[in-house]
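The values are calculated or read from the model by the stated rules, or taken from the named source; none is laboratory data. Because the structure is a prediction, the values reported are computed rather than measured. Methodologically, a virtual Cβ is constructed for each residue, glycine included, from the backbone with ideal geometry; neighbour enumeration extends over all protein chains shown.
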């Protein structure tokens, strides 16, 4: 009974979030990207690191790992609950990457380095939640590749992203 209540609560939350906001349409953020000559927001780099770290962790833990393990397919036990969690994680990841894009646009140091790659990742994430909830998992591997290349780019420029799990 408790599990059913949790599933219903998660579904209500997912539908409420979807109903309150408009469905994200591809914005082609990467094409219209411009960098500032000086910082326009306080702690933009720090905010960027926090947003990207949380976004990458959310994507990896709740979307990519279950996808690679085959836990999102209809044949997997508990696939509905995992899809709801993956959809919520996709929404969170998209929001955090959007915040990261805003912070990159405010930083004269970060913008030339990761501006276009982070904007391109934001464009790829725009419809991921809808795709996951409808069973279309084809774009997850491509997004994972973009996440890996952006993470490598950040590491090369002195901002590595590493995962830490307490077991």
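Among residues of the range 93-118 being surrounded by fewer than 18 Cβ atoms within 10 Å (Cβ to Cβ) and under 19 Å from residue 145 (Cβ atoms), the one that is farthest from the chain's Cα centre (by Cα) is 116.
Taken as a whole, the structure places residue 36 among residues that are closer than 26 Å to residue 149 by Cβ and part of a loop (DSSP other than H, G, I, E, B). Based on this model, can you work out whether residue 43 counts as more than 17 Å from the chain's Cα centre (by Cα), without any contact (Cβ under 8 Å) to a residue 24 or more places away in the chain and closer than 16 Å to residue 105 by Cβ? It is true that residue 43 is more than 17 Å from the chain's Cα centre (by Cα), without any contact (Cβ under 8 Å) to a residue 24 or more places away in the chain and closer than 16 Å to residue 105 by Cβ.
Considering 100, 152, which residue is without any contact (Cβ under 8 Å) to a residue 60 or more places away in the chain and either under 22 Å from residue 68 (Cα atoms) or touching a strand residue (DSSP E or B) at 6+ places or on another chain (Cβ under 6 Å) (or both)? Just a single option satisfies the conditions, and that option is 152. Of the residues making up the range 46-79, those that are within 12 Å of residue 104 (Cβ to Cβ) and surrounded by fewer than 18 Cβ atoms within 10 Å (Cβ to Cβ) number 1. In the range 119-129 there is at least one residue that is in contact with a helix residue (DSSP H, G or I) (Cβ under 8 Å, 6 or more places away or on another chain), buried (at least 18 other Cβ atoms within 10 Å of the Cβ), without any contact (Cβ under 8 Å) to a residue 24 or more places away in the chain and closer than 30 Å to residue 40 by Cα. Considering the conditions (1) loosely packed, with under 14 Cβ neighbours inside 10 Å; (2) at pLDDT below 85, residue 24 is excluded by exactly one of them, (1).
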